[in-house]
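The values are calculated or read from the model by the stated rules, or taken from the named source; none is laboratory data. Keep in mind that this is a model prediction, so the values were computed, not measured. When we count neighbours, we look across all protein chains shown, and the Cβ atoms used for this are built from the backbone with ideal geometry, even at glycine.
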Amino acid sequence: MNLAVVLFAAVAAVTALGAVGVAASRSMVRAGVWLLVTLAGVAGLYFLLGAEFLGAAQLIIYVGGTLVLVVFGVMITSQGPFAVLQTKRMEWVIGGLLAGGLFALLAVASMQLGQRETTEATSPAVHELGLSFLGVGQGGKSYLLPFEIVSVHLLVVLVAAAYLARAKKRVDPDGRRDPIETTLKLETLPAGSGQPNSSEARP
Amino acid sequence: MLATLEQYMPHWAAVLTAAGISAGVLLGFVGVSAFLYIWAERKVSGRIQDRLGPTRTGPIGILQSLADGIKLITKEDTAPDGSDKLLFRIAPYLAFCASFTAFLALPFGKDLVSQELSTAAFFVLAVLSGEVFGVLLAGYSSGSKWALFGGVREAAQVVSYEVPRSLCVVVPVCVMGTLSLNAMGAQQTGWFWNWTAFHDPFNLLAFMVFFITATASCKRAPFDLAEAESELVAGFHTEYSGFRWSVFFLAEYASMFAVSGLACLLFLGGWHSGFLPFEPSEQFGPWAGNLLNAAVFVGKATLLVLVMMWMRWSLPRLRIDQVMTTCLKYFLPIACGLLVGVCIWQLWVQPYVGDWTKYVLSFGTLAGMVFVMAVATFGKVAPKGISEGVWAKPAL
């Protein structure tokens, strides 16, 4: 029983507790806070295992990005003061069964992997990760192209979503915009700079 | 520190003790620096507004923060009826945790860091981006419209400003080829023309853009839309009082120091004074050298924090659409351009051009600063001792 095992157990317990909290809490934003505990716990596990880059990436993507967007989305879309999820009993049962099955599957699979020999070697530094990502010094096996395709795809999806979410401008048959319609739009729309979440009208 | 402790106790106890000492020292530092910065903020604002600032509490009012603190602790800790009590209570601590975690990877001198990380620059950016979560929760859970608006604005602003801020961090990383803040500081040893900010014009501009976007992501004026008191009462902390309210300010001053320290390490030579052509901790011995390093680092970061205060009390607040326009239409393209520029510079510019650029930029900046200070000091005729105030004659 050395320190690494104790720390691992503590961080893993906090992570699991957070996960239970996400499932059990009925308020959306509270679930978000529990998710924060879980994601930060996973980042902590990465740091504990020496994968610093992965841990920091976990923090910046999930905590700094995704979670903020979740709470932001709830704040903008919810009708009442606090958004509450109404879960039916049947949903609890089905969800519980699915979660239990998945957990059993993962547990059995990880038990069958057996115990790996761990070495004290440090995880690869960032520049090694970057070089292997670019395919330098590994016989030219590169992951750059798939990564670029995925990222450009994401960008296209984001632009399309922004385009769809934008309010339509009504155009007259002779090609001019309706002046009354336009002024109304300017008063009701926020800031006109493609920024749908600002809360003020342009004066 | 770990090796020394291991001589006296088993490994696990040594690790835990070292962690406890680091955390304690950093917490003490954050507390004391916030204590002094709050006093400095009041003094600076007073002088800029032609007042004296705090004078009654101790010599030149230096104990003002203590008086404030006692007042805040004795105030009643209330939560509004319509609020989500649990989230309302933990939100300030979440914000403070995020700012405080950034200090774990911030070196105050050569190897003077509580946890050496090979990706420290990335880590600091990552945890600082978590501070917005506390503010967002505070705004949401207060059950108040002002607070909700403040939280929404804060989220929109911080998430947008993170993009140019991170791109500006990549610019010096391109030059230095490492993400470790300790290695970055070590690469800027020596005279001040070795600092990354003077390496090429793109880095100098990146420093300025980074500093402005960092100010915005600390939600400091002129970007303090989250607490715009003329429209939102006090924004996200409208409903807070007492100790929890002060924890928000502790977090704000801590993250101001953290981003200023990051700017120093990335652009301004880290813990090097710029006037010693060697590493002080190797020449002056561990004690004197490390103390000098830490003092220079804290001094530089404090200078940047004072510039933030100067900006806050000099510039008018932007509107929310202006804030977003500044970020998305100006800073984002500028940051992308700087990144492309620095890559081209690294690939194609000849070494002798690089050497000359270094000298021209560093001495040009120095001369510019001396000129501005000389004009400010000697250029204007003002009555000595008293300031003119509202009776000043209008300038023609």
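Yes or no, residue by residue, for (1) in contact (Cβ under 8 Å) with a residue 40 or more places away in the chain; (2) under 23 Å from B:L86 (Cβ atoms):
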residue	(1), (2)
A:A4	yes, no
A:A16	no, yes
A:A40	no, yes
A:F47	no, no
A:G50	yes, no
A:L54	no, no
A:Y62	no, yes
A:V74	yes, yes
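Scanning region B:1-39 for residues that are crowded, with 18+ Cβ neighbours inside 10 Å and away from chain A (no Cβ under 13 Å) yields a total of 8. The residue pairs whose first member lies in region B:51-71 and is assigned by TED's automatic domain parsing to the domain that holds B:L250 and buried (at least 17 other Cβ atoms within 10 Å of the Cβ), whose second member is of a type in the set (G, A, S) and part of a loop (DSSP other than H, G, I, E, B), and whose beta carbons are closer than 6 Å, counting only pairs six or more residues apart or on different chains, do not exist in this structure. Just one of the numbered conditions (1) under 30 Å from B:S217 (Cα atoms); (2) at pLDDT 85 or above; (3) of a type outside the set (V, I, T) is not true of A:L69; which one? If we test A:L69 against (1) under 30 Å from B:S217 (Cα atoms); (2) at pLDDT 85 or above; (3) of a type outside the set (V, I, T), just (2) comes out false. With respect to the stated conditions, B:S230 is modelled with pLDDT under 80 and either surrounded by 16 or more Cβ atoms within 10 Å (Cβ to Cβ) or of a type in the set (S, T, N, Q) (or both).
Of A:L17, A:L102, A:L98, A:L59, all but one fail to be within 14 Å of chain B (Cβ to nearest Cβ) and not aromatic (F, W, Y); the exception is A:L59.
With the condition kept exactly as written, say whether any residue in region B:61-80 is at the interface with chain A (Cβ under 9 Å from one of its Cβ atoms) and over 23 Å from A:A31 (Cβ atoms). No, every residue in region B:61-80 fails to be at the interface with chain A (Cβ under 9 Å from one of its Cβ atoms) and over 23 Å from A:A31 (Cβ atoms). Condition check for B:A183 on (1) touching a residue at least 12 places away in the same chain (Cβ under 8 Å); (2) within 26 Å of B:W271 (Cβ to Cβ): one failure, at (1). Just wondering, is there one or more residues in region B:155-174 that are assigned to a loop (DSSP other than H, G, I, E, B) and under 21 Å from A:A51 (Cβ atoms)? Taking every residue of region B:155-174 in turn, none turns out to be assigned to a loop (DSSP other than H, G, I, E, B) and under 21 Å from A:A51 (Cβ atoms). Return a yes/no flag: does region A:20-29 have any residue that is part of a helix (DSSP H, G or I), within 9 Å of chain B (Cβ to nearest Cβ) and out of contact with any Ser or Thr (no Cβ under 8 Å at 6 or more places or on another chain). The answer is no; no qualifying residue exists.
For region A:32-49, does any single residue satisfy the condition of being assigned to a helix (DSSP H, G or I) and modelled with pLDDT under 85?
Scanning region A:32-49 turns up at least one residue that is assigned to a helix (DSSP H, G or I) and modelled with pLDDT under 85.
Taking the criterion of being of a type outside the set (V, I, T), over 14 Å from B:T215 (Cβ atoms), in a helix (DSSP H, G or I) and in contact (Cβ under 8 Å) with a residue 40 or more places away in the chain, the residues of region B:304-344 that qualify are B:M324, B:L328, B:L332, B:A335, B:C336, B:L338, B:L339, B:G341, B:C343.
Results for (1) β-branched (V, I, T); (2) within 12 Å of chain A (Cβ to nearest Cβ); (3) under 29 Å from B:G20 (Cβ atoms); (4) surrounded by 22 or more Cβ atoms within 10 Å (Cβ to Cβ), shown as yes or no for each residue.
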position: B:P92; (1), (2), (3), (4): no, no, yes, yes
position: B:F103; (1), (2), (3), (4): no, no, yes, yes
position: B:F108; (1), (2), (3), (4): no, no, yes, yes
position: B:F133; (1), (2), (3), (4): no, yes, yes, yes
position: B:K145; (1), (2), (3), (4): no, yes, no, no
position: B:L148; (1), (2), (3), (4): no, yes, no, yes
position: B:V163; (1), (2), (3), (4): yes, yes, no, no
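Among the residues of region A:15-36, those identified as crowded, with 16+ Cβ neighbours inside 10 Å and not small (G, A, S) are A:T15, A:V22, A:M28, A:V29, A:R30, A:V33, A:W34, A:L35, A:L36.
When residues in region B:110-120 are screened for being more than 9 Å from chain A (Cβ to nearest Cβ) and either part of a helix (DSSP H, G or I) or among the acidic types (D, E) (or both), 2 of them pass.
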